[in-house]
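Working notes, beginning with the structure itself.
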Amino acid sequence: MRNTCSLDMKDEYDIILIANMSYTSFLGITIENLLHWKSHMDQLFPKLRGAYYAVRVLKLFMTQETLAMVYYAYVHLAMTNGIIFWGDSSCSINIFRLQKKVIRILMSTRKRDSCRNLFKSPNISPLQCQYIFLLLCFVVKNMGHIWECDVEVHDT
């Protein structure tokens, strides 16, 4: 016997069920439901470690200018993908430390040397500077969309 009280809402209203997920990936950026960015960092860090290893091995065979191109092709590209979203997270310090290791290899300095002046020579920006610059570029590019509102000004 068929129960006449049941109603199949999917057929009548075409309801789409969306699963509750803790994270998802979109265009290479892993977005968590609480926006902690730990999952994104867990995927980004091995990529940057591989790039660090490649720069370390290539240091034996290439000039500093060529290594700078390798840096931009591997490290910079991976590091700046979605940085306007995750750049101020607490996990970004680990990415910055790895960036400093790569800079020390590029500039042939010791592990404990300060990187403050090392970034200037190959014209590479530290992670925090890249974050601020790209965030400002985003704001300038989308200025009309961000402050799009009707404000009436009355003379007093």
*asked:* Any residue in region 125-147 that is within 20 Å of MET79 (Cβ to Cβ) and among the hydroxyl-bearing types (Ser, Thr, Tyr) sitting within a Cβ distance under 6 Å of a residue that is at pLDDT below 85 and part of a loop (DSSP other than H, G, I, E, B)? List the pairs, counting only those 6 or more apart or interchain.
replied: TYR131/GLY87
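Give the residue that is surrounded by the most Cβ atoms within 10 Å (Cβ to Cβ), with candidates limited to residues of region 96-139 that are assigned to a loop (DSSP other than H, G, I, E, B) and of a type in the set (Val, Ile, Thr).
The selected residue is ILE124.
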*Report yes if MET9 is surrounded by fewer than 10 Cβ atoms within 10 Å (Cβ to Cβ) and modelled with pLDDT under 60, otherwise no.*
yes
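The values are calculated or read from the model by the stated rules, or taken from the named source; none is laboratory data. Being a predicted model, the structure only gives us computed values, none of them experimental. As a convention, Cβ positions derive from the backbone with ideal geometry for all residues, glycine included, and neighbour counts pool all protein chains shown.
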